[in-house]
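Before any comments, here is the structure.
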Amino acid sequence: MAEVVFRKLDELTDDEVYAAYAPPEPDWLRVNFVASADGAATLEGLSGPLSGAEDKRVFKVLRARCDVLLAGSGTVRAEGYGPLVLSAERMAWRRSQGLPEVPVMAIATRTASLDPASGIFTEAPRRPILICPADLPDSRVEPFREVADVVAVGTGAVDYAAAVAALRERGLRQILCEGGPHVFGDLIAAGLADELDVTISPKLVGAGPMRIAEGAPAEEATPLRLRHVLEAGGNLILRYVRGSSDE
């Protein structure tokens, strides 16, 4: 069994944090969430109040490491996503790795209930991708074709296996998913999640909010291995990768 690393986040340099999240394979799909100590995915309807500067340091590293950032339209609307941009330091790191300065933004939606004139499309430094079902009426999809590449896969809902394959055909092999819970639930059910990066926030939220994965249940549980635990300000920042815990 691989040794689990325990470290204080503030003892790590940025280079060490980047190294701690090096993907083990060229094709890799990681999911990043924050949850309360009692398992809630949101506080007052949003994930932001559960997060903090410590969690966001890792959050920004994960964004800098990916080729494409995938998020569901509900998360995009609720969390107020704007155009996908990075700091000058993060862009410089990407250039040093031979990567474009910013990742591509991909938005998954069952209904295309988004505004094609919003900044996430019109102000994006790289052309975004809209992922939607193939049977969605063309009248719903057509307004997005001027501001995004459209990947139409699935009937009645997004086919995430086909969507992931389409992203990788475009050379977007390192995928970071930031939710929401229904997207994560669909990725688990389809057996597509290779890694879960989850920050356990030192807060008790109580009954009501959803878990980080929702929707149709998976046929079986996916074994994970704990790779590291980073502690910062009472937050536990955990990295799990697919595979048996006794390997």
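Things to note:
- Here the mean projected area of the convex hull built on the C-alpha positions of region 1-70 is 6.4 nm².
- For the chain, a Gaussian network of Cα nodes joined below 10 Å ranks R140, R211, R110 by mean-square fluctuation, and the top entry is R140.
- Rolling a 1.4 angstrom probe over the protein heavy atoms with all chains in place gives the chain an accessible area of 47 Å² per residue.
- Mean separation of Cα pairs under 8 Å and 6 or more residues apart, divided by the residue count, gives the chain a relative contact order of 29 percent.
- Under 5 Å between amide hydrogens, built in the peptide plane, is the criterion, and for A108 it picks out A71, G72, S73, I131 among residues at least 5 positions away or on other chains.
- Within the shell of other residues whose beta carbon sits under 15 angstrom from the beta carbon of R90, the net charge comes to +3, with Lys and Arg scored +1 and Asp and Glu -1.
- Region 96-138 and region 155-190 have Cα centres spaced 13 Å apart.
- Translational diffusion coefficient of region 107-247 (Stokes-Einstein, Kirkwood radius from Cα pairs, 20 °C, 1.002 mPa s): 124 µm²/s.
- For the chain, complete DSSP H runs whose alpha carbons reach 15 Å or more along their own long axis and whose mean Kyte-Doolittle score is -1.0 or higher are 53-65.
- Our analysis of region 167-247 gives Rg over Rh at 0.99, with the two radii drawn from alpha carbon positions and Rh computed by the Kirkwood formula.
- A cut-off under 10 angstrom between Cβ atoms defines the neighbours of V31, and their net charge, with Lys, Arg +1 and Asp, Glu -1, is -3.
- For the chain, the calculated P(r), taken from all Cα-Cα distances in 10 Å bins from zero up to the bin holding the longest distance, is 7, 31, 38, 20, 3, 0 percent.
- Each listed q (0.28 Å⁻¹) maps to a log10 I(q)/I(0) for region 70-114 from the Debye sum over equal C-alpha point scatterers, namely -0.94.
- Rolling a 1.4 angstrom probe over the chain with all protein chains present gives an accessible area of which 52% lies on carbon and sulfur atoms.
- Against the compact-protein benchmark of 2.2 N^0.38 Å, the Cα-based radius of gyration of region 101-152 scales to 1.06.
- Relative contact order (%) - region 109-163, alpha-carbon pairs under 8 angstrom, separation at least six: 38
- Taking a quarter of the surface of the Cα convex hull of region 1-124 gives a mean projected area of 9.9 nm².
The values are calculated or read from the model by the stated rules, or taken from the named source; none is laboratory data. Quantities reported herein were computed from a predicted structural model and do not represent experimental measurements. With ideal geometry, Cβ positions are generated from the backbone for all residues, glycine too; neighbour counts draw on all protein chains shown. Accessible surface is based on the protein model in full, side chains and every heavy atom, while ligands, DNA and RNA are left aside. Shrake-Rupley method; radii C 1.70, N 1.55, O 1.52, S 1.80 Å.
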